[in-house]
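Below is the structure I would like to discuss, written out as structure tokens.
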Amino acid sequence: MAQKYAFVERECVACGTCVKACPRSAMTVYKGVRAGCDAFICAGCGTCAKACPAAVIQMISKGGDE
Ligand code: SF4
Ligand code: SF4
């Protein structure tokens, strides 16, 4: 099973909800503009994607193959 990580789309409104929701503290809001996930820390749990009010987080495979 391919490991996944949270990919944040450009439409992120930098609300910080995903940062609070992530159990591994993998999410950061950069310069108050946009959130991003550290793929090495991310466990691929999908909690942030469910919590994001703007629905701009996609779970993407870490490997090349889906
Ligand atoms: S919860 Fe969604 S909109 Fe808010 S900072 Fe995270 S990715 Fe951006
Ligand atoms: S998928 Fe889970 S571990 Fe990864 S950034 Fe989102 S909440 Fe954190």
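Out of everything in segment 1-13 that is crowded, with 16+ Cβ neighbours inside 10 Å and near ligand 1 (Cβ under 7 Å from one of its atoms), what residue ends up being nearest to Gly63 (Cα to Cα)?
Residues of segment 1-13 that are crowded, with 16+ Cβ neighbours inside 10 Å, as a first pass: 4-8, 12.
Going one step further and asking which of them are near ligand 1 (Cβ under 7 Å from one of its atoms), we end up with 8, 12.
Values: Val8: 17, Cys12: 24 Å.
Step by step, filter segment 1-13, then rank; the result is Val8.
Of the residues Thr17, Thr47, only one is out of contact with any strand residue (DSSP E or B) (no Cβ under 8 Å at 6 or more places or on another chain) and either modelled with pLDDT under 95 or within 9 Å of ligand 1 (Cβ to nearest atom) (or both); which? Before the answer, list the steps.
Working: Thr47 fails: either modelled with pLDDT under 95 or within 9 Å of ligand 1 (Cβ to nearest atom) (or both).
Only one candidate passes the filter, namely Thr17.
Looking for something more than 10 Å from the chain's Cα centre (by Cα), part of a strand (DSSP E or B), surrounded by 12 or more Cβ atoms within 10 Å (Cβ to Cβ) and of a type in the set (A, V, I, L, M) - is there at least one such residue anywhere in segment 20-29?
Taking every residue of segment 20-29 in turn, at least one turns out to be more than 10 Å from the chain's Cα centre (by Cα), part of a strand (DSSP E or B), surrounded by 12 or more Cβ atoms within 10 Å (Cβ to Cβ) and of a type in the set (A, V, I, L, M).
The values are calculated or read from the model by the stated rules, or taken from the named source; none is laboratory data. Just so it is clear, the model here is predicted, and its values are computed rather than measured. Neighbour counts run over all protein chains shown; Cβ positions are idealised from the backbone, glycine included.
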